[in-house]
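Scroll down for the structure; my scribbles are underneath it.
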Amino acid sequence: MSATDNVMDKLVSLCKRRGFVFQSSEIYGGLGSVWDYGPLGVELKKNIKDRWWRAMVHARDDIEGLDAAILMHPRVWEASGHVAGFTDPLVDCRTCKSRFRADQIQSASCPRKPSKHPGEHTECDLTEPRLFNLMFKTFMGPVEEQAAVIYLRPETAQGIYVNYLNVLQASRQKVPFGIAQIGKAFRNEITPGNFIFRTREFEQMEMQFFVKPGTDSEWFERWREWRMAWHVELGLTPARLRWHPHGADELAHYAKAAYDIEYEFPFGWNEIEGVHNRTDFDLKRHQESSGKKLEYFDQAANERYLPYIVETSAGADRVTLTVLADAYREEQVEGETRVVLGLAPAIAPIKVAVLPLMKKEGMPDVADRIYRDVRGHMNAFYDDSGAIGRRYRRQDEAGTPFCVTVDADTLSDGTVTIRERDSMQQVRIAATQVPEWLRERIWGAPGS
Ligand code: ATP
């Protein structure tokens, strides 16, 4: 087993053991590349989505939120180009029956040993590349016929384009402005894998920014800078983040420029977010296809135009995996291995665990009171079972940044110790100050 597999295997196992991520329908043998988020995972992913929403919608006055339906008129997907073009070229091996993306043969491995790329063993017998549509199809209404075909959306963006005039009019925004949305998307991926990196059902965090043609390149550069800064603020190691510009052969038919933010996963550098200059391609296509005018009237300049669009598109699940992979570490402490998820406190699922040192002398009652007090401010956890060292380790593994311990001194002078996860340093403060002390360290000083 390679070191890479090892880290990913450990992460997958930790995620299951601690309730971050479970395989979908596991008791039936699992459903391929579909995952469920457990109690800690749902908190982590929600914190990431909330942070994105806060940065993109609440902290700005030029972006509005939207929550469009997953099901859309089938003509949307014809106009967008997905019916004709949302395809991956596939190659099958007639010998081992494996299937590979033709554009990823050089990074794929043939299941035969020794490990080689598909086509490199003498027995390999690859087909010519064939196109495969990635959209999930279903039927609307009682009759399963061609006229009732409907798709599960493969991206959230189209819901934004078809609502752009509604949002513009309802919000009284003016170009330049953006629309942000978080929602499920579905792709019948052919070579899914790497845990929650590439799944068939996933969530996207997308923002489409509408600008005057000619100002698009400037806005594109601004958005590149802001999006990279967001990932760094999430706590990701800057040296593991880089830009990947799309070359002419990679550039989608609609894009004038495209850059991916890539992260160095244990299995190599891979995309976590795309920033694209989509020009007026989408609005033009929907205008032609629907017959509805989608132009913007710029009152100040007294002119009409179809805005250009700068898109930022990130996967909530992929960012969650990135955060987990970046945070996972093992340390040797007093001859034992300590597993730590060094998550930034603001996105950690549990912010604080409250632990009575012993189950006697009234310590549990005092600890319970403190727990109820902090629970009003943040997600907290109470644990009185097992040796204190083991309880600390359980919280380290769950990524909990702080543990508050109630001991004999608490009973006499009302102080508690607070242990910090990364440094394992302890400080003593008055129990009444705990919520304020934690809030400052988790979210910064009030008003910051
Ligand atoms: P890839 O080349 O990895 O298939 P893409 O270029 O098709 O990705 P986009 O269509 O630009 O991806 O989607 C934007 C973002 O949505 C990606 O950066 C990724 O974070 C997320 N995403 C796309 N497909 C998946 C998937 N199958 N599973 C999880 N997240 C995904």
Conditions (1) within 16 Å of SER24 (Cβ to Cβ); (2) crowded, with 22+ Cβ neighbours inside 10 Å: number failed by GLY178: (1)
Region 94-124, residues that are touching a helix residue (DSSP H, G or I) at 6+ places or on another chain (Cβ under 7 Å) and over 16 Å from ILE190 (Cβ atoms): HIS117, GLY119
Close pairs (7 angstrom Cβ cut-off, 6 or more residues apart or separate chains): within 16 Å of the ligand (Cβ to nearest atom) in region 293-322, assigned to a loop (DSSP other than H, G, I, E, B) anywhere: ASP317/ILE196; ASP317/THR199; ARG318/PHE197; THR320/ILE196; LEU321/PHE195; LEU321/ILE196; LEU321/PHE197; THR322/LEU236
Residue list for region 239-282, restricted to those being in contact (Cβ under 8 Å) with a residue 40 or more places away in the chain, surrounded by 14 or more Cβ atoms within 10 Å (Cβ to Cβ), more than 30 Å from GLU78 (Cβ to Cβ) and not hydrophobic (A, V, I, L, M, F, W, C): ARG240, TYR263, PRO266, ASN270
Strands (runs of 3 or more DSSP E) wholly inside region 338-448 containing at least 2 residues that are more than 25 Å from ASN47 (Cβ to Cβ), open to solvent by 10 Å² or more (accessible area, probe 1.4 Å) and of a type outside the set (Lys, Arg): 415-420, 426-430
Answer from ARG285, ARG227 - the residue that is of a type in the set (Lys, Arg) and under 15 Å from the mean Cα position of the chain (by Cα): ARG227
Qualifying residue in region 335-355 (condition: among the small types (Gly, Ala, Ser), under 22 Å from the mean Cα position of the chain (by Cα) and within 30 Å of LEU411 (Cβ to Cβ)): yes
Some residue of region 308-315 being over 19 Å from CYS15 (Cα atoms) and either assigned to a helix (DSSP H, G or I) or among the aromatic types (Phe, Trp, Tyr) (or both): yes
Filter result (under 34 Å from the mean Cα position of the chain (by Cα) and closer than 13 Å to VAL354 by Cα) within region 397-448: THR400, PRO401, PHE402, CYS403, VAL404, THR405, ILE418, ARG419, GLU420, VAL434, PRO435, LEU438
Residue satisfying all of: in region 255-276; modelled with pLDDT of 90 or more and away from the ligand (no atom under 13 Å from the Cβ); farthest from ASN6 (Cα to Cα) among these: ALA257
Residue in region 222-229 that is of a type outside the set (D, E, K, R) and open to solvent by less than 20 Å² (accessible area, probe 1.4 Å) present: yes
Test: ILE182 is touching a helix residue (DSSP H, G or I) at 6+ places or on another chain (Cβ under 7 Å) and closer than 22 Å to ASP260 by Cα: yes
Residue satisfying all of: in region 125-173; among the basic types (Lys, Arg) and out of contact with any helix residue (DSSP H, G or I) (no Cβ under 8 Å at 6 or more places or on another chain); surrounded by the fewest Cβ atoms within 10 Å (Cβ to Cβ) among these: ARG172
Check on SER98, without any contact (Cβ under 8 Å) to a residue 24 or more places away in the chain and under 23 Å from the mean Cα position of the chain (by Cα): no
Residues satisfying the stated conditions in region 323-334, i.e. outside any strand (DSSP E or B) and away from the ligand (no atom under 13 Å from the Cβ): LEU324, ALA325, ASP326, ALA327, GLU334
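The values are calculated or read from the model by the stated rules, or taken from the named source; none is laboratory data. Predicted model, so just to flag it, every value in this text is computed and none were measured. Glycine also receives a Cβ, built like all others from the backbone with ideal geometry; neighbour counts cover every protein chain displayed. Accessible surface areas use protein heavy atoms only, side chains included; no ligands, DNA or RNA. Shrake-Rupley method; radii C 1.70, N 1.55, O 1.52, S 1.80 Å.
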